[in-house]
Structures are given as C-alpha cells and as structure tokens.
Amino acid sequence: MTIIGTNSVRKYLSAVLILVSFGLLLVPTTMGYNPGMDGGLNTGVAGSGCTCHGLQTEGVVPNLLMVGENVTITEGNTYTLEISFTGGPVVSGENQGGFLIDVDSGSMGAPGTDVLAQGSEATHSEVGNDQRSWQIEWTAGSLDVAEFTLRTNSVNGDAQASDDDDWNMATFYLTSDGSITQTLIEPEARLEVPDWTMSAIIGGCILLMAIMVMVGMSKKPRGRRGET
C-alpha cells in the first residue's frame, strides 16, 4: 500500500494556499460597487467619495433641493428631494454621473428604478447612472436639523473609472421650515494613494508566498519505517 508522504501533502496545501491567495488579491481589482461609489449601501459608513473616479474638484457642484413650495418638515412624514450637480466632463455616451447620499436622521426611499435606497443611505442604480439628476424620498426623523452628506460623480461616458472623471461632496442642513444650507467638504476628505501602492502590495504577497513554499518543500518528511 502506498502512503502519501508528508512532503506531498505539504506541496498540495501550498498549491491550494497560492490559488486562494491569488483569488483574494484579485477581488479588489476586478469587482466594484455596482453604483460605482465608495462605500455602497447598508455599510454604516457611506464612504469618503468616488475614490475610483478621478480627483475631487470644486468644478463639480452638488445640489440638494426640496420638491414643492412652503414645505414644513414634520417627523414621520415623507418628502421628495431632488439631487443634481453641475460641472465636470461634457455629457457624452450613456454613462453621465452618479451619487451617494446619507443622512443622520430619518430614512431614505427610492421612488423609481434609477435609485437604490436602504436605511439612511441612497445611491443611483445601474440604470440611474445614465443621468445627472435624481429624486429620492426621505422620511423625517426626530431631529430639528437633518444633516445630509452628498457625493456626486460627473463622468465622461466612456464606462471607465479614470482620472478623466470628476467628483465632489458637500453637506446639506435641512431645517424644520424646509430651508437648506450647504457646506462644501474640502478635498482633504479623500486619501491620495500612489498608483504603485497596489502593485507593491501584490508583489510583496507573491514573494512572501514563494518563500513559504520554498521553506516548506525544503523540509524532509519524517516517514515511517517499512512503509512503501
């Protein structure tokens, strides 16, 4: 009877480890949020901006408006808000822009298929990135002043996340009388990471795995006498 040696088992486990590690390394680079915004829905943290699309720029101006006139905010009532932006690349192709918004009071709803909403966050759907304005529903909470953080992404329509796209983010304060004031969030909100960082991390992981495999293969197995 042939017994599988310890060395063979070690080689097999090493091969599996390499395949799994390569799979994990590829996940961040091949998969992204369907809406194309950093953070996504139901994360508890809506994200610090469109970090895969260009740079934060003052040329993109986010807008948040109440739909309707003389609106008074009452806890538990639902209101329609319009999100839009100006600036950025000239509209070209099907893909035009996107958004991600969260609020510290109340909850979000999606009145149409161009918006996704869950809890205190809302963003555009895949269909919704073919436009530059959207409407969302907001059910008022108990706070007298609701704080909305809005990120808007202006893209050039080439269906690629690149430095040719521009984005910006701003905070809006909605008071009980329906008025809204705005404060832009400075570019320091986004952490700049050099392009070579990911390549260096991947290269280091591959080198570490190679060393582990070589060390494992260099150790002689302790076999049992008389086994063939």
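The values are calculated or read from the model by the stated rules, or taken from the named source; none is laboratory data. Predicted, not measured: the structure shown is a model, and the values here were computed from it. Using ideal geometry, Cβ is built from the backbone for each residue, glycine included, and neighbour counts are taken over all protein chains shown.
Can you tell me how many residues within the stretch 78-113 are free of Cβ contacts under 8 Å to residues at least 40 places away in the same chain and either assigned to a loop (DSSP other than H, G, I, E, B) or outside the structural domain of ASN156 (by TED's automatic domain parsing) (or both)?
Looking only at the stretch 78-113, we keep the residues that are free of Cβ contacts under 8 Å to residues at least 40 places away in the same chain, and these are 86, 107-113.
Subset that is either assigned to a loop (DSSP other than H, G, I, E, B) or outside the structural domain of ASN156 (by TED's automatic domain parsing) (or both): 110-113.
Total meeting the criteria: 4.
Out of VAL90, VAL115, VAL145, VAL155, report the one residue that is under 25 Å from ASN77 (Cβ atoms) and either touching a Gly at 6+ places or on another chain (Cβ under 9 Å) or surrounded by 14 or more Cβ atoms within 10 Å (Cβ to Cβ) (or both). Outline the logic, then answer.
On the way: VAL90 fails: under 25 Å from ASN77 (Cβ atoms); VAL145 fails: either touching a Gly at 6+ places or on another chain (Cβ under 9 Å) or surrounded by 14 or more Cβ atoms within 10 Å (Cβ to Cβ) (or both); VAL155 fails: under 25 Å from ASN77 (Cβ atoms).
Sole residue among the options that is under 25 Å from ASN77 (Cβ atoms) and either touching a Gly at 6+ places or on another chain (Cβ under 9 Å) or surrounded by 14 or more Cβ atoms within 10 Å (Cβ to Cβ) (or both): VAL115.
Based on this model, can you work out whether SER125 counts as of a type in the set (Gly, Ala, Ser) and either surrounded by 23 or more Cβ atoms within 10 Å (Cβ to Cβ) or more than 20 Å from VAL67 (Cβ to Cβ) (or both)? If you could, list the steps in order and put the result at the bottom.
Numbers: of a type in the set (Gly, Ala, Ser): yes; either surrounded by 23 or more Cβ atoms within 10 Å (Cβ to Cβ) or more than 20 Å from VAL67 (Cβ to Cβ) (or both): no.
So SER125 fails the test.
Being within 18 Å of ILE180 (Cα to Cα) and touching a strand residue (DSSP E or B) at 6+ places or on another chain (Cβ under 9 Å) is the requirement here; does ASP114 meet it?
On the way: within 18 Å of ILE180 (Cα to Cα): no; touching a strand residue (DSSP E or B) at 6+ places or on another chain (Cβ under 9 Å): yes.
Spelling it out, it is not the case that ASP114 is within 18 Å of ILE180 (Cα to Cα) and touching a strand residue (DSSP E or B) at 6+ places or on another chain (Cβ under 9 Å).
Being at pLDDT below 95 and charged (D, E, K, R) is the filter here, so list the residues in the stretch 60-80 that pass it.
Residue satisfying the conditions is GLU69 alone.
Being of a type in the set (A, V, I, L, M, F, W, C) and over 11 Å from SER154 (Cα atoms), is that true of even one residue in the stretch 126-135?
yes
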